[in-house]
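What follows is calculated from the coordinates using simple rules that are stated; it is not laboratory data. For clarity, every value in this text was computed on a predicted model and none was experimentally measured. Ideal geometry is used to build each Cβ from the backbone, glycine not excepted, and the neighbour counts take in all protein chains shown.
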């Protein structure tokens, strides 16, 4: 397989983990969560600092996931318990995480150097397999574990309540369930996914950068919109699958733009353009949901 193609697909699987988190907040919970821009680099910061301390790379991923769930929980508490508007709750947590990430790493940039990561294949199961293919397989397996875990969760009672809170919160209240607790659970899971993606991409790229989370939520939304536009009419396709496929298409678009002459400093501009194109091509239902989503709501 061509190295460029395998790289695109690999990044699609990794960022797809983050997009699955965006699916939970954006499409399911109907919550404009800006925390993702902080929880994504949080996961990278946790992974980088632990890796450089000699911690097992898989344990670093687990630690990053739980750090992300904590960030999402804080956002949920700000919104549910302190009655801060949903959009502002995420912005507050995201802002605080910038300083927290700097405290974790001690500097705005960290290079992993020779640290052992989940993509170190000198020995073991992937010995003899081209590095690009082995990396792709690992990224695929992680994404599939998260995908099936999310699919399973959405079929549980808690998953049903999360879906219902997004569509009809009054029904959840009538069932005697705590709407606020359901929101906090969903936000924790979504940001756990984002932080896990940050930990994996940090190990994939071999470095941490404090600004690596800038625009993450937009990237996730673009991927989700692309996925819904292209695959949304296919029956029986899971939302998690839509997130992953949409992310792969988005990463391919970025790769094409870079290969036709754009520079890396143009990535955010390209993302904005792709976002606009995706909105124009998407259905009116998706457009209306985005407008509704980013209205600053007054209800708790």
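Numerical summary
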| quantity | calculated |
| --- | --- |
| GNM top mover of 19, 211, 264 - the chain, alpha-carbon springs below 10 Å | 264 |
| Sequence-separation-based contact order of segment 3-213, relative, with Cα cut under 8 Å and 6+ spacing, percent | 46 |
| Principal-axis tilt of helix 157-167 within the chain, Cα atoms, nearest 10 degrees | 70 |
| Folded to 0 to 90 degrees: helix 131-154 orientation relative to the chain principal axis, Cα | 20 |
| Exposure proxy ranking, count of Cβ atoms within 10 Å, fewest first, for 148, 208, 13, 126 | 148, 126, 13, 208 |
| Cα-based helix-to-principal-axis angle, 267-281 vs the chain, degrees rounded to 10 | 50 |
| Calculated Rg and Dmax of the Cα atoms in Å (choose from [x] 20.1, 64; [y] 18.6, 59; [z] 25.7, 82), label | [y] |
| Cβ-based exposure ranking for 155, 85, in which fewest neighbours within 10 Å come first | 155, 85 |
| Choice from 278, 190, 199 with maximal GNM fluctuation in the chain (Cα, 10 Å cutoff) | 278 |
| Mean ellipticity per residue at 222 nm, deg cm²/dmol - from DSSP H runs of n ≥ 4 across the chain, formula -39500 (n - 2.57) | -23500 deg cm²/dmol |
| Square roots of five times the Cα gyration tensor eigenvalues for segment 21-178, Å | 34, 22, 11 |
| Residue exposure sequence - 209, 266 - by fewest surrounding Cβ within 10 Å | 266, 209 |
